[in-house]
Amino acid sequence: MKQKLFFLTVVGGLVMGGCSSFEAQVAPTQQYKSVVSNRDAAVSALSSASECCRDLSALPYKEIPVSTGQVVPIDVSSPVYRFEEGKSYFAAYHLPVNSGDLRITVEGIVDHTLFSPIALMLDSRHRVTRKLGPETFKYEPARFMSGDRMEAVFTVDRSQVGNPNNESYLVIYTDESKLDGTTTVMSPTKLMAKSMSVVDYGAKDPVVPHSPWGVVRLSVEDLSGKQTNSNYYKPTYDAPIPPPAPAVEATPNKLMVAPMVASSVTSTATAAPMMAETEAFYRSQIEKAIQAGDIDKAMQLVSEAERAGSTKAKSVFIDAVKRSQKN
């Protein structure tokens, strides 16, 4: 009976998506039946499992390359850590560094049970940047051979090279406090009826219990040269935020800047002297910002340059402001 329903699910997915893309595949949980079918054993094992590590920095992170559809079993052989939501088996990864922005897809595969994922993102110092849980993971019904799944798609910023706040680590775990919960998925016959636009005779939707074990599918895509809006996180720098911009009054071809503007640009840097090429770059960007009347941007550039070791950024700023007032 289960094979028949699975066949109907596949057929329904083919009808919805078109047969031309079909490839013979094995369901991702097929080789992990003991993982997805032994919820009681999983709960018992978790209760007696020892925690692997003292804190997030000590987790056993694995390098993960840019890849599509990597299947990850989370079971008794996986490490255990006590997260805010309780103990959980988990998988931890060090994200690619030399890449463009990354689009990450995490899928908790539904079978007899479901490992309902939480994705925890950390910066290069193992500090939490964001947590993606039930508000992000959404149920996606079976399509082709993908099967039912809880899926989240999000993007990692790679634009600020050297920024310690860039997201560098991904940890996938589940909520121990919600292991008694369930997820309702679309029945194969209902999916079939929907795909063929025929009458749904009210087949009961399966209710799948959550489990400490399960199968996760993980994809990491390099977005170099592409654009995306999928759950974007923009890191900030550690240094203090520059002071508010001085009062600026724009008149034709002239900027009126408050007399205290020079003193409002403060230095927080103790870095090594900046290379001449880098100094020239910041000089150009500061002058362009002043010419455009964007004092706030110019001040931020001064602050950034001084953190990086510039000794001339402030004087460049002041000279550019004076020149703008003469025009």
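The values are calculated or read from the model by the stated rules, or taken from the named source; none is laboratory data. Given the structure is predicted, the values throughout are model-derived calculations rather than measurements. Virtual Cβ from ideal backbone geometry, glycine too; neighbours counted across all protein chains shown. Heavy atoms of the whole protein, side chains included, go into the accessibility calculation; ligands, DNA and RNA do not. Shrake-Rupley method; radii C 1.70, N 1.55, O 1.52, S 1.80 Å.
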In sequence order, calculated HN-Hα J values of segment 163-179 (Karplus, 6.51, -1.76, 1.60; Hz; x Gly/Pro):
6, x, 7, 4, 5, 10, 9, 10, 10, 10, 8, 9, 8, 4, 6, 10, 5
Which aspartates and glutamates, if any, have their Cα less than 16 Å from the Cα of K312, not counting same-chain residues under 8 positions apart?
E277, E279, E287, E304
Going residue by residue through segment 58-64, the Karplus relation 6.51 cos²θ - 1.76 cosθ + 1.60 with θ = phi - 60° gives ³J(HN,Hα) values, rounded to whole Hz and with x marking Gly or Pro, of 9, 5, x, 7, 9, 6, 10
Karplus 3J(HN,Hα) series, Hz, for segment 290-303 with 6.51 cos²θ - 1.76 cosθ + 1.60 (x for Gly, Pro)
5, 4, 7, x, 9, 5, 4, 5, 4, 5, 5, 5, 4, 4
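State the percentage of accessible surface on segment 80-128 attributable to carbon and sulfur atoms; use a 1.4 Å probe and exclude ligands, DNA and RNA. Don't skip to the end; give the middle numbers.
Details: 680 of 1540 Å².
That fraction is 44 percent.
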For S57, project a label point 7 Å along Cα to C-beta. Then give me every residue of segment 101-138 with its amide nitrogen under 12 Å of that point.
124-127
